[in-house]
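Following: one structure in structure tokens, then a few remarks.
The values are calculated or read from the model by the stated rules, or taken from the named source; none is laboratory data. These numbers were taken from a predicted model, which means no experiment stands behind them. Note that each Cβ is placed from the backbone with ideal geometry, even for glycine, and that neighbours are counted across all protein chains shown.
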Amino acid sequence: MTSPMIRMTGMVKRYGPVAAIDGVDFQLGEGEIHSLLGENGAGKSTLTKMLSGVATPTSGVIELDGRPVTFETPADAMRAGINMVYQENSLVPSMSVAQNLFMGDEKLFNRLRPLYIAAQQFLQSLNFNVDPWASVSTLGVAQRQMVEIARAVRKNARVIVFDEPTASLTPEEKHHFFNLIRRLKQDRVSIIFISHALEEALEISDRITILRDGKLVETGDAKDFDRARIIAGMVGRESGIEGETAPADAKPPGKRVLSVQNLSMGKAVRNTSFSLYSGQVTGIFGLIGSGRTETAKVISGVLKRNMFHGGEVWLEDKPVRYRVPRTAMRDGIVYVTEDRKAEGFFDDMSIAENIGMGFLAAGFNKSQVVRRSDIAEVAKYWTGKFNVAALSNEARVIELSGGNQQKVVIAKSLVQKPRVVFFDEPTRGVDVGAIAEIHRLIRELSRSGITVVVISSYLPEILSISDRILVCRKGRIVEEFAAGTAEEKTIMYAAVH
Ligand SMILES: Nc1ncnc2c1ncn2[C@@H]1O[C@H](COP(=O)(O)OP(=O)(O)OP(=O)(O)O)[C@@H](O)[C@H]1O
Ligand SMILES: [Mg+2]
């Protein structure tokens, strides 16, 4: 490559005694799409945060157009044309989509109509279906991600870092997003693309860089890579990861544990009926906005009863209606959130304390005192099982990488020893090794007699994990397939038409 636009040399970032990034060189050409890959905790976010002024390097030199630069704040980096779309959301929830989009241009706020019209036109030009008047707090994860992407694009950045931008987009939205990236490339914008979806990285990138444990493994032309080579670089060995996500043999249903009849809630859940059986993984596939999440939340008490408009839920032969998650948990029903930032954990607390909250939430403290040492032991078990990369279990969750946070959210729910678990997008942001681990665990749970539901908008995940597949469209379950009887396109058709 002739002189790169960005050159990072000898980058180090320490947090206490650990180096999250340990002597990494990285270069980015003008108009280049460069994927940054690695396991959870490898240092991808940290490296790019140093470039975008969010994290101050411990040492190292960053050059822009051949001149050394230092960015004290994200605003400094933005002035130099470097923008980052964060893995963890950075929008202001109480403000509208349009206001978030034009943040920094407050003079536009004086005239509302033009502001919203401009926002609408801009979103449409990107093919993003988001209402500019909506308050960000009412948006789902995917739509918030679109607003973040749109905001970065609007700033006419020279460099945009996308930290797992596609994790919650539907296939259709991904298609638009990749077209958008190609368009940016034509305009000579340079892109750093961070993703755990290796196929996407292979498809879109000019070059690929792999990190492991904060160190550079290799950088090369994307055409010289394939999936196996990337995974070998990520985990540092020829791995057996791939074979472990093979499709499950469909299990015959056990006992009917939960049945839902004519359940309705506002416009999100419309007169839906279905049953769940023990010892089986039920996959629920549906596009974003199809009501999958809301259905699971109403059943498990995560949405308030005053939003529960009608219908019945039976837990075995008992009619139930949960107003708060705690009462559902006491009956053994747990919802594992898709939105870990908002609902998943207490980010200032340690890993152990968060996992310990699982204990308390389930009401174990009523009759027995939970000892710190018990919590520490449970935390140790789960962090070991999931290979949560952190200095210690006393580390605060906010200090973990995105994928490792997800593992803590799952562990926290499982210490509650549930009978019925709804996993909502359980592997979003999680690396290939941990996906295999989480899938294995989900199967193990179901074999031990637990009723397991996996909600996902990633069809290959649904196909590989489910014994039975329900399709959700416009607020209700519209089709059911036994595993192995339906092809991808049949399921997609049911979800869309
Ligand atoms: N503010 C912080 N304080 C302490 N440690 C941190 C902090 N931020 C990151 N780390 C640690 O640095 C390491 C690298 O984290 P980073 O977020 O860069 O990983 P990542 O490659 O982006 O992972 P993921 O794919 O899970 O998002 C991790 O071990 C993480 O726990
Ligand atoms: Mg990250």
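Tell me, yes or no, whether the range 94-107 has at least one residue that is closer than 27 Å to SER205 by Cα, of a type outside the set (A, V, I, L, M) and at pLDDT 90 or above. The answer is no; no qualifying residue exists.
Of the residues making up the range 61-98, just one is within 16 Å of ligand 1 (Cβ to nearest atom) and among the small types (Gly, Ala, Ser), namely SER90.
Of all the listed residues (ALA228, ALA197), the sole one being in the same structural domain as ASP22 (by TED's automatic domain parsing) and away from ligand 1 (no atom under 15 Å from the Cβ) is ALA228.
Exactly one residue among ILE491, ILE410, ILE398 is away from ligand 1 (no atom under 16 Å from the Cβ), out of contact with any Ser or Thr (no Cβ under 8 Å at 6 or more places or on another chain) and either modelled with pLDDT of 85 or more or within 30 Å of ILE21 (Cα to Cα) (or both), and that residue is ILE491.
Note on the range 378-404: residues that are of a type in the set (A, V, I, L, M, F, W, C), touching a residue at least 40 places away in the same chain (Cβ under 8 Å) and either assigned to a loop (DSSP other than H, G, I, E, B) or buried (at least 20 other Cβ atoms within 10 Å of the Cβ) (or both) amount to 7.
When only residues in the range 192-206 that are within 21 Å of LEU47 (Cα to Cα) and not hydrophobic (A, V, I, L, M, F, W, C) count, which is surrounded by the most Cβ atoms within 10 Å (Cβ to Cβ)?
Filtering first and then ranking leaves HIS196.
Okay, residues lined up against (1) under 24 Å from ALA42 (Cβ atoms); (2) of a type in the set (Lys, Arg); (3) not in a helix (DSSP H, G or I):
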site	(1), (2), (3)
PRO426	yes, no, yes
ILE435	yes, no, no
LEU441	yes, no, no
LEU445	no, no, no
GLY449	no, no, yes
VAL478	no, no, yes
PHE481	no, no, yes
GLY484	no, no, yes
LYS489	no, yes, no
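Tell me, yes or no, whether the range 164-172 has at least one residue that is within 16 Å of ligand 1 (Cβ to nearest atom), of a type in the set (S, T, N, Q) and assigned to a loop (DSSP other than H, G, I, E, B). Within the range 164-172, one or more residues are within 16 Å of ligand 1 (Cβ to nearest atom), of a type in the set (S, T, N, Q) and assigned to a loop (DSSP other than H, G, I, E, B). Does ARG188 qualify as being basic (Lys, Arg), away from ligand 2 (no atom under 16 Å from the Cβ) and assigned to a loop (DSSP other than H, G, I, E, B)? Criteria met by ARG188. Just so you know, in the range 107-162 the residues that are farther than 17 Å from GLY289 by Cα and among the polar types (S, T, N, Q) include one that is surrounded by the most Cβ atoms within 10 Å (Cβ to Cβ), and it is GLN120.
Here the helices (runs of 4 or more DSSP H) wholly within the range 1-105 that include at least 1 residues being within 16 Å of ligand 2 (Cβ to nearest atom) and surrounded by 22 or more Cβ atoms within 10 Å (Cβ to Cβ) are 44-51. Residue count for the range 357-391 under the criterion of being modelled with pLDDT of 65 or more, farther than 28 Å from ASP213 by Cβ and not aliphatic (A, V, I, L, M): the result is 6.
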